[in-house]
Amino acid sequence: MRIFQRMQGRNTVGRIVLTATAILVGCQYASEPRTAPTLALRDTTLLVDEKLVIPVAARGTESISPSSIAFASSAPSVISLRGPDTVIALGPGTATLTTTLDGVATQVTVTVAPQFTQLATGELHACGITARSDLYCWGSAFYGETGPPSGTEDCIFGPYFQCSAVPVRVPGIRPVEIVAGDMHTCALDADGAAYCWGANFYGQTGTGSEADVPLPTAVVGGHRFTHLVAGRMHTCGITTSRDAYCWGWDWTGALGAGDVSPDRCDFFGHDPCSPTPRLVVGGHQWAQLTADDRATCGVTTTHQLYCWGLDVGGDDGQYCQVPDNFSGCTRTPLLITSATASKAISIGDVHRCEQALDGTLECWGANYWGMFGDGTVNSSPTPVPAAGGARYASLMAYRTGTCALAEDRHAQCWGYGGNGAIGNGAFDDALSPADVSGGYRFLDLASSGSSDFVCGVATTGRAYCWGWGDFGQLGNGAFLSSSDPVPVRLVPTP
């Protein structure tokens, strides 16, 4: 049931229509038959911070103002009354709303769900899936990466740069997973079909061409996926058979296809690319993938780590544009030797971190700003213990740093902090894990190897972002960075 729509910063209040259950608790006129008053209500679901206006009650042909009715919530921390006729959703959970008129009580069940169930961040934009499976995006809209242009406005850099500093709904798709790249976005539907839209310089939308894609469009090949990841200008996915496919920019071998993709795309240069999905070679069965600008990594179902692309520890001698200070690239998954079995991996621009089955972390690559969280800036070509040996529930690398959720769900970040992505209220680097300010507990964190900001869904049901925000990618209505978490403005806080 659709009861709420948030567009261009305006809030549409839900009105629910159906007679509720009535319970007789008294009778004012015992000698006269009474018609039970009814309210046009039924059991419903609200998102956190959403409001529900109680409609006018009726008794036969008589209309009764809600101001004549007594209201009560069984769980005031879940739903609360604001004024004579408005209910507001305060936190996830379930509550009974009781209305009493002329001794007749009417009860409905109100379920409050988080505003977002999942978030994704790209370089300059972010997206989220609500508890109703609606998709919203915010931030840069240069190539349609946030969907149709409704709600966009000039960014701080002038009229040729369109952005939205608040979430705007993307119509035509109800996804179960969302990922964001540089200026493209991809999603999975409930059937496992992948859809992408936005910039398509190197075929990163997987639609079979190099033309930009203004609306969600199916990835060609007929594959059914269980998981997607987006690098800067390439995309990968794990199919239902646990194979991995990648498409888009292939200048460093990040597609993992074992050879140089035959197509050439000319946005930055005459670079190898593939506008259609290519099978990652090696015959591995994949549990999880992650990607950045130049590389892709994954964890197999047997808990082994593999990486392919630029500076992953190998050089296969094939076509590769190798910048200074990098060791080469490989187009075949390369085994990363670790002392522990791996649960998950996440990679930044020049560093990689993995989580062991026991929750401890290892990192390798460059450690310029303390991205390992070990109190040093010492780099390592092989995995070394990170974050002081602490155990975490999950981890997520951003472009120049790392964040993780502790076992009690509070967030910590470390690495480069000049854009505020540490989230501890300062614009300073952190060589060791620093607590994200605000005291929030998070269900999940989102960032990527292309992102200089981090977002998370808190246990309160609200979404927060922090870090670089010049393009509106924090979603709080401003074009400013923040070193503290700020609420994403899907529903205005009352």
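Scanning the stretch 411-457 for residues that are under 15 Å from HIS351 (Cβ atoms), small (Gly, Ala, Ser) and under 18 Å from the mean Cα position of the chain (by Cα) yields ALA421, SER447, SER448, GLY449, SER450, SER451.
The stretch 226-300 holds strands (runs of 3 or more DSSP E) entirely within its bounds, and those carrying 3 or more residues that are in contact (Cβ under 8 Å) with a residue 12 or more places away in the chain and aliphatic (A, V, I, L, M) map to 286-291. Scanning the stretch 435-451 for residues that are assigned to a strand (DSSP E or B), buried (at least 22 other Cβ atoms within 10 Å of the Cβ) and not aromatic (Phe, Trp, Tyr) returns LEU445, ALA446.
Of all positions in the stretch 313-320, at least one carries a residue that is touching a residue at least 24 places away in the same chain (Cβ under 8 Å), among the acidic types (Asp, Glu) and touching a Lys or Arg at 6+ places or on another chain (Cβ under 9 Å).
Consider the stretch 86-106 and keep the residues that are outside any loop (DSSP other than H, G, I, E, B) and more than 39 Å from the chain's Cα centre (by Cα). The one that is surrounded by the most Cβ atoms within 10 Å (Cβ to Cβ) is VAL104.
Confirm whether THR98 is in the same structural domain as ARG399 (by TED's automatic domain parsing), free of Cβ contacts under 8 Å to residues at least 40 places away in the same chain and over 26 Å from ILE238 (Cβ atoms). It is false that THR98 is in the same structural domain as ARG399 (by TED's automatic domain parsing), free of Cβ contacts under 8 Å to residues at least 40 places away in the same chain and over 26 Å from ILE238 (Cβ atoms).
Residues that are at pLDDT below 95, under 24 Å from SER450 (Cβ atoms) and surrounded by fewer than 24 Cβ atoms within 10 Å (Cβ to Cβ) within the stretch 171-192 comprise just one, ILE173.
Comparison of GLY222, GLY282 shows that the only residue that is closer than 30 Å to ARG174 by Cβ and of a type outside the set (Ser, Thr, Tyr) is GLY222. Screening ALA430 with (1) buried (at least 20 other Cβ atoms within 10 Å of the Cβ); (2) closer than 21 Å to GLY151 by Cβ; (3) of a type in the set (A, V, I, L, M, F, W, C) gives one miss only, at (2). Taking the criterion of being among the small types (Gly, Ala, Ser) and in a strand (DSSP E or B), the only residue of the stretch 200-225 that qualifies is ALA218.
Screening the candidates ARG6, ARG2 for the property of being among the basic types (Lys, Arg), surrounded by 15 or more Cβ atoms within 10 Å (Cβ to Cβ) and modelled with pLDDT under 70 yields one hit, ARG6. Taking the criterion of being among the hydrophobic types (A, V, I, L, M, F, W, C) and surrounded by 24 or more Cβ atoms within 10 Å (Cβ to Cβ), the residues of the stretch 136-159 that qualify are CYS137, TRP138, ALA141. Given the conditions (1) of a type in the set (S, T, N, Q); (2) surrounded by fewer than 24 Cβ atoms within 10 Å (Cβ to Cβ); (3) in a strand (DSSP E or B); (4) touching a residue at least 60 places away in the same chain (Cβ under 8 Å), and given that GLN162 satisfies all but one, which numbered condition is not satisfied? Unmet for GLN162, out of (1) of a type in the set (S, T, N, Q); (2) surrounded by fewer than 24 Cβ atoms within 10 Å (Cβ to Cβ); (3) in a strand (DSSP E or B); (4) touching a residue at least 60 places away in the same chain (Cβ under 8 Å): (4). Each residue in the stretch 301-310 was checked for being part of a loop (DSSP other than H, G, I, E, B) and hydroxyl-bearing (Ser, Thr, Tyr), and 2 pass.
If the condition is being closer than 29 Å to THR94 by Cβ and crowded, with 24+ Cβ neighbours inside 10 Å, then the stretch 111-125 contributes VAL112, GLN115, PHE116, LEU119, ALA120. Of all residues in the stretch 117-156, those that are among the charged types (D, E, K, R) and part of a strand (DSSP E or B) total 2. Has the stretch 56-72 got any residue that is more than 18 Å from ALA187 (Cβ to Cβ), out of contact with any strand residue (DSSP E or B) (no Cβ under 8 Å at 6 or more places or on another chain) and not hydroxyl-bearing (Ser, Thr, Tyr)? Yes, the stretch 56-72 contains a residue that is more than 18 Å from ALA187 (Cβ to Cβ), out of contact with any strand residue (DSSP E or B) (no Cβ under 8 Å at 6 or more places or on another chain) and not hydroxyl-bearing (Ser, Thr, Tyr). What do you reckon, is ALA344 in the same structural domain as GLY253 (by TED's automatic domain parsing), more than 20 Å from ALA254 (Cβ to Cβ) and at pLDDT 95 or above? So ALA344 does not fit the description; no. Filtering the stretch 193-216 to residues that are surrounded by fewer than 17 Cβ atoms within 10 Å (Cβ to Cβ) and within 17 Å of THR146 (Cβ to Cβ) leaves PRO214, LEU215. For the structure I just gave you, tell me whether ALA390 is in contact (Cβ under 8 Å) with a residue 40 or more places away in the chain, among the hydrophobic types (A, V, I, L, M, F, W, C), surrounded by 22 or more Cβ atoms within 10 Å (Cβ to Cβ) and at negative phi. Answer is no for this residue. Of a type in the set (A, V, I, L, M), within 23 Å of the chain's Cα centre (by Cα) and farther than 21 Å from ASP271 by Cα: is that true of ALA244 in this structure? Yes: the conditions hold for ALA244.
The values are calculated or read from the model by the stated rules, or taken from the named source; none is laboratory data. Values in this document were obtained by computation on a predicted structure and should not be read as measured data. Methodologically, a virtual Cβ is constructed for each residue, glycine included, from the backbone with ideal geometry; neighbour enumeration extends over all protein chains shown.
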